[in-house]
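K.L.:
Take this structure, written in structure tokens, and hold onto it; I'll ask about it next.
The values are calculated or read from the model by the stated rules, or taken from the named source; none is laboratory data. The structure presented is a predicted model; accordingly, all values stated were derived computationally and were not measured. Positions of Cβ are generated from backbone atoms using ideal geometry, with glycine treated the same way; all protein chains shown enter the neighbour counts. Ligands, DNA and RNA are stripped out before the accessible areas are found, and what is left, the full protein with its side chains, is counted by its heavy atoms. Shrake-Rupley method; radii C 1.70, N 1.55, O 1.52, S 1.80 Å.
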Amino acid sequence: MTDKKPLPADSVRLDAFFSHLTDWRAELLALRAILLDAGLTETFKWSSPVYTAHDGNVAIIWGFKDRAAIGFFKGVLMADPDGILQAPGENSRSSRMINFTSLAQIEAAAPTLRAYIAEATRIEEQGLKVDLPK
């Protein structure tokens with residue numbers, strides 16, 4: 001992993017993000033705990049918490065109107081043995097996400113999430129790139 005700590009500005013923005021959550025608060029905090037437990041560095045980009053390793057973006061968490069989600073930046077390279085990764089949109093070529101509508105779903109999926117996060121971290125460590133056609 002990396003031993004980088006969030007920049008002070010990131011810490012302030014992260015604290016504000018999590019302290020002001022109303023929708024999906026418990027779910028996003030549970031996802032955050034799993035990601036931090038995996039040894040990833042937490043930062044703040046694109047108005048969301050982003051988790052990095054080996055100088056690259058690994059995962060991001062979002063709270064949408066109807067769900068909470070974890071996204072993997074290079075999810076298309078992941079094996080997905082449980083068939084739970086979804087493209088965020090029809091034109092998504094790289095990222096994949098997992099959606100949740102309850103804390104119980106996240107708790108039940110925690111072992112799988114840990115395995116997927118470990119794989120995403122290995123992909124970043126190996127420097128793998130998504131081959132995007134021009």
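K.L.:
Within the range 52-66, how many residues are surrounded by 14 or more Cβ atoms within 10 Å (Cβ to Cβ) and either in contact with a Phe, Trp or Tyr (Cβ under 6 Å, 6 or more places away or on another chain) or farther than 16 Å from residue 27 by Cα (or both)?
P.N.:
Looking only at that region, the number is 8.
K.L.:
Only residues that are exposed (fewer than 14 other Cβ atoms within 10 Å of the Cβ) and either under 16 Å from residue 31 (Cβ atoms) or basic (Lys, Arg) (or both): list them for the range 79-100, please.
P.N.:
93
K.L.:
For the range 22-51, which positions are assigned to a strand (DSSP E or B), closer than 21 Å to residue 88 by Cα and open to solvent by less than 20 Å² (accessible area, probe 1.4 Å)? Step through it out loud before you land on a result.
P.N.:
Just the residues of the range 22-51 that are assigned to a strand (DSSP E or B), to begin with: 41-45, 48-51.
Going one step further and asking which of them are closer than 21 Å to residue 88 by Cα, we end up with 44-45, 48-51.
Answer for the range 22-51, where residues must be assigned to a strand (DSSP E or B), closer than 21 Å to residue 88 by Cα and open to solvent by less than 20 Å² (accessible area, probe 1.4 Å): 48, 49, 50, 51.
K.L.:
Looking at the range 105-134, I want the residues that are under 15 Å from residue 79 (Cα atoms) and modelled with pLDDT under 95 and have a partner that is open to solvent by 100 Å² or more (accessible area, probe 1.4 Å) and not in a helix (DSSP H, G or I) with Cβ atoms under 9 Å, at least 6 apart or on another chain. Which pairs are those?
P.N.:
Listed pairs, sorted by first residue: 130/93.
K.L.:
Now a separate question. Among the residues of the range 101-123, write down those that are open to solvent by less than 40 Å² (accessible area, probe 1.4 Å) and not in a helix (DSSP H, G or I).
P.N.:
102
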